[in-house]
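Read-outs throughout are calculated quantities, based only on the coordinates presented, and are distinct from any laboratory measurement. Quick caveat, the model's predicted, so the values are computed rather than measured. Don't worry about glycine lacking a Cβ; one is built from the backbone with ideal geometry, like all the others, and counts go over all protein chains shown.
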Amino acid sequence: MTATFWIKAFQLLASLSLLVFVHELGHYTFARLSGTRVDKFYLFFNPWFTLFKYKPKPKPVKEGEKPKASWRDTEYGIGWLPLGGYCSIAGMVDETTGADEMQHPVEPWEFRAKPAWQRLLIMVGGVLFNFLAAIAIYCGLVYAMGEEFIPFENATEGMAYCESAHEIGFKDGDIPLSADGNKLHYYNAEDLQAMLTASEVKVLRDRKDTVAIRIPKNFIFKANEDAENGQMFMSYRLPVVVSQTQPNMGADKAGMKSGDRILAVNGVPTREYISFTTELQKNKDKMISLLFERDGKEMTLNVAVDDAGKIGILLTEPEKVYETVTHSYNIFQSIPRGIKMGWDKLTGYVSQLKYVFTADGAKSLGGFGSIGNIFPERWDWVSFWSITAFLSVILAVMNILPIPILDGGYVLFLLIEVVTGWKPSDKFMNVALNIGFYLLIALLLFANGNDVYRFLLK
């Protein structure tokens, strides 16, 4: 195995270990706040043996004093199987405790003895902490590094526009210049608002002509409606510059390298991502001729396209292709910006979940290999923390899904209990958790099976 593999693997393990610790800390914190005893708090799983464990000495109980839950009740440890971790809460049916272990009388410090609202807080604690961790990381990143932006004039391939924008006169590739005579700088909320509320927007078309576009009155409401349906008014057109190739796929086998800029597919110009993917979809399971630029020279390669219309490349971020400017934040400005970044990532990821339940979405699911491949080939702290923040958002969203054994499954049953007063029995929860466990295992096998299929067979 190459050094690149181990660098990515270590980044993945470090990121997930941190996020799992934060998640379980959320459950632990709300359990302690509600006076619920936590039996075990472990990073990684520990079947058969444990790498490290620490059990504090119990605090002496005075005569006549009622015993209370304490941090001293918890066994803290590190397991050997780096696939997550757990927080074992007393009186709770979960993956570590079955219904048959709940035959003793209910104790006041147990999870099952607490009112529904406290149990609900304990269960959402992990998700909440993951989301807060993402916000904290984003705040730190913008404070330490600022934010890179691409000025409109530096985006040489222009912008891609939604259908409603096309209807009023915008064309893909147009570069925004001004709104009602006021200069437009880069893609941000303020400049977008100015464009949508202006009477006239001027754009640079075909890199030479200045064109004035009349904006209909109240067009902003139509744009907002489109955005709610997942159609953003505009976005940067991405040049097709290879960041890295995926092993044993068409681009890798043909010898494409990082930095190659794709210009055409079978003679059809594809200077930006949308036209490129459109041409690939027309050539599924075929060999194509790729015209690309490498070190200033144009070259051609024959590349195989798979049955999903992909050649196995990761794109270089537009910030590394176009010339950028940096916006700095002080500590007070970084907090609201970090909150907005976290919220935008959350809502954006939730809006894309619906695509998972399509045929193409299922094919694109990936396991640990796909996640690990997101990390760069060389250690880079900014990339590590940025990816970790996004994975923290993903972990929060996936855990709140209403599937038994995930936090969302418990939350669903607790909400039913709050609304109807019906509390599931321990046996019912045990059966539900078993079903959820097998569903989760099946999902993991499918996602990681996709990775194996792509790596070995493709």
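With the Kirkwood sum run over all distinct C-alpha pairs, segment 132-179 has a hydrodynamic radius of 13.4 Å. Can you figure out the FRET efficiency of residue 66 with residue 427, using R₀ = 30 Å and their beta-carbon distance, to the nearest 0.05? FRET efficiency, residue 66 to residue 427: 0.50.
Here the Karplus curve 6.51 cos²θ - 1.76 cosθ + 1.60, taken at θ = phi - 60°, turns the phi angles of segment 346-351 into couplings of 5, 5, x, 5, 4, 5 Hz, with x standing for Gly and Pro. Near residue 299: Cβ cut-off under 10 Å, other residues only, Lys/Arg at +1 and Asp/Glu at -1. The net charge is -2. Note on residue 435 and residue 229: the model spin-label points, each 7 Å out from Cα along the C-beta direction, lie 3.6 nm apart.
A straight chain from residue 261 to residue 314 at 0.36 nm per residue would run longer than the Cα-Cα distance by 17.9 nm.
Here the spin labels are modelled as points 7 Å beyond Cα on the Cα-Cβ line, and at residue 183 and residue 330 they lie 2.5 nm apart.
Here the dipole of the chain is about 860 debye; that uses its Cα centre as origin and unit charges on the Cβ of Lys and Arg (positive) and Asp and Glu (negative).
Computed about the Cα centre, the dipole magnitude for segment 271-343 is approximately 200 debye when only Lys and Arg (+1) and Asp and Glu (-1) carry charge, each at its Cβ. Excluding residue 52 itself, calculate the net charge of residues whose Cβ lies under 15 Å from the Cβ of residue 52, where each Lys or Arg counts +1 and each Asp or Glu counts -1. Net charge in that neighbourhood comes out at +2.
For segment 159-302, the mean projected area of the C-alpha convex hull, equal to one quarter of the hull surface, is 10.4 nm².
The candidate values were (i) 26.3, 89; (ii) 24.2, 77; (iii) 22.8, 67; the one computed from these coordinates for Rg and Dmax of the Cα atoms in Å carries the label (i). Excluding same-chain residues fewer than 8 positions from residue 68, which aspartates and glutamates have a Cα within less than 20 Å of its Cα? Cross-link targets: 39, 107, 110.
Net charge within 13 Å of residue 321 by Cβ-Cβ distance, Lys/Arg positive one each and Asp/Glu negative one each, not counting residue 321 itself? Result for the neighbourhood of residue 321: -4.
Please work out the ratio of the alpha-carbon Rg of segment 20-137 to 2.2 N^0.38 Å and round it to two decimals.
Relative to the 2.2 N^0.38 Å estimate, segment 20-137 comes out at 1.10.
Entry note, the chain: relative contact order of 18 percent, from Cα contacts under 8 Å with a spacing of 6+ residues. Once the Kirkwood radius over Cα pairs is known for segment 246-306, the Stokes-Einstein relation at 10 °C and 1.306 mPa s delivers a diffusion coefficient of 137 µm²/s. When the square roots of the Cα gyration tensor eigenvalues are ordered a ≥ b ≥ c, the ratio a/c for segment 390-436 is 1.5 or more and a/b does not exceed b/c, which makes its shape oblate.
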